[in-house]
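Step one of this worksheet: look at the structure below.
None of the figures in this text is laboratory data; all of them are computed from the coordinates on show. This structure is a prediction, so every number in the text was calculated from the model and none was measured. Backbone-built Cβ (ideal geometry, glycine too); neighbour counts: all protein chains shown.
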Amino acid sequence: MAMTPYFPGHGDHRYMVSHYDLALKYRLANNRIDGTALLTVTAAEPLSMLDLDLGRFRVEGVTVDGIPARHVHGQGKLRVTLPWSLAAGAVAGVEVRYSGRPVPVPSPWGGLGWEELSDGALVAGQPIGAPSWFPCNDRPGDKATYRISVTTASPYHVIANGVLTDQRRSGGNTTWVYDQPEPMASYLASVQIGRYRVAEVAGTRVAHPVRLATRVRHDFGRQGEMMAVFTDRFGPYPFSGYVVVVADDDLDIPVEAQGMSIFGRNHVDGRRGSERLVAHELAHQWFGNSLTLSRWSDIWLQEGFATYAEWLWSEASGGQPAAAHARRWHQRLTALPQDFVLSDPGVGTLFDDRVYKRGALTVHALRRTLGDEVFFPMLRDWTAGRRHANVTTEDFAAHVRRHTSEPVGPLLSAWLHDKPLPPLP
């Protein structure tokens, strides 16, 4: 287990949030949010004070069950003094009214969270960007249901997590209301705003700039087959819907959100040049969004499996088999520094390509050792048993051991806990 949390300034283990009700008014012209957030909070221990993560907004007021509460806000924390102490297990409704220009949360990977586009906005929250746009308990182990309402100028289309339950126009603005009934980590909460057309492509809703329609239809044209392959390998798709957003800006990498993937226009070339990324982001719906890590040190549990899904899609769609990808990447990683532990890579190495590829190689080594007739049922059982829950490396290792009489302990230990790259079985 990781000795120290990777982001000690984020999240609070003394309470859980079971539901977020977010109502935002967003003005594109000056990138301004006026927000009201109602959090349903359960105390994990006796509480007289509550720390919420919230970026550089002006907090206009906080109430607890309708009673005004004293609060101090600074350095990314909103500290609320409760009007009365909460006993362990007690529930309270904490409402925060706030406004201002959303500022991305600084991180080793640049600003994270709410970002202005050239004509619209997007949220890229992983791992600590959520406080850039709403007050939250910003840790992956605290999953909640969400209702997200966004009011903005009517020419713009708003997409958020879950199901669109209401859309009403008033004056020059439209309010979009989304309901996310499956529990979700704060970093996966997302709002996308743009001049989008929404089309059905291969059974998936895709929001995209009108002029990219032909490329989008081609590049995402195999998503239906991809969904069928992953459903066969990983079990039923875990959410009520899936939407892809293609922003009218270039993005360094696609962005993962629950029930949603966000690509840049640079990922759409009309030649399926980024199809491996399409597979990767879709696989995150199982690994990362339904099964969410409890702590960031276990990131291989989502990135390793999503990377392996790229290889599985290659194998299923007439490309190279997973074994060929594994051999190539094993060779490449052998030539790179062997200076991190996969199960605890450290903050600086969290999104290092070696974590992704060694994670995928670990999955492949396990598949080779168990054989497909044991490996894939084990995997489907993993996603079914932990559906919408949190997971750790220890959970996964114990799960694998329950599914085989093979002595897999030494194999897992070498791949997950030792620095040197083990040989491929």
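Summary table below
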| quantity | calculated |
| --- | --- |
| Amide H partners (placed H, <5 Å) of residue 243, local residues excluded | 260, 261 |
| Net dipole in debye of the range 292-417 [+1 Lys, Arg Cβ; -1 Asp, Glu Cβ; about Cα centre; nearest 20] | 140 debye |
| Nearest 10 degrees, 0 to 90: helix 353-370 Cα axis against the chain principal axis | 50 degrees |
| Percent breakdown of C-alpha pair distances by 20 Å bin, ordered from the shortest bin, for the chain | 26, 56, 18, 0 |
| Between the range 248-322 and the range 58-87, the Cα center-to-center distance that results, in Å | 39 Å |
| Residue-averaged [θ]222 nm for the chain, counting only DSSP H segments that reach four residues, each worth -39500 (n - 2.57) | -8000 deg cm²/dmol |
| Cross-link reach list, lysines versus residue 143, counting only Cα pairs under 24 Å and skipping chain neighbours closer than eight places | 77 |
| Extension reserve of the residue 116-residue 213 stretch, reckoned as 0.36 nm per residue once the Cα distance is removed | 32.6 nm |
| Within-13-Å neighbourhood charge of residue 249 [Cβ basis; K, R +1; D, E -1] | -4 |
| Cα convex hull of the range 43-112 - mean projected area over all directions, nm² | 5.4 nm² |
| Trypsin sites (Lys or Arg not before Pro) restricted to DSSP loop in the range 380-409 with at most 15 other C-beta within 10 Å | 387 |
| Nearest-0.05 FRET efficiency for residue 373 and residue 13, computed from C-beta distance (R0 60 Å) | 0.90 |
| 5 angstrom amide H check on residue 12, placed H, neighbours 5+ away | 138 |
| Nearby lysines by direct alpha-carbon distance to residue 357 (threshold 23 angstrom, same-chain neighbours under 8 apart not counted) | 419 |
| Farthest toward positive dipole pole in the chain [+1 Lys/Arg, -1 Asp/Glu at C-beta], among 286, 129, 90 | 129 |
| Compactness of the range 292-417 as Cα Rg over 2.2 N^0.38 Å, two decimals | 1.01 |
| Point-to-point label distance, residue 205-residue 48, nm (Cα→Cβ direction, 7 Å offset) | 4.7 nm |
| Residue 398-residue 56 FRET efficiency (beta carbon distance; Förster radius 41 Å; 0.05 resolution) | 0.45 |
| Alpha-carbon Rg/Rh ratio, for the range 19-152, with Rh computed the Kirkwood way | 0.97 |
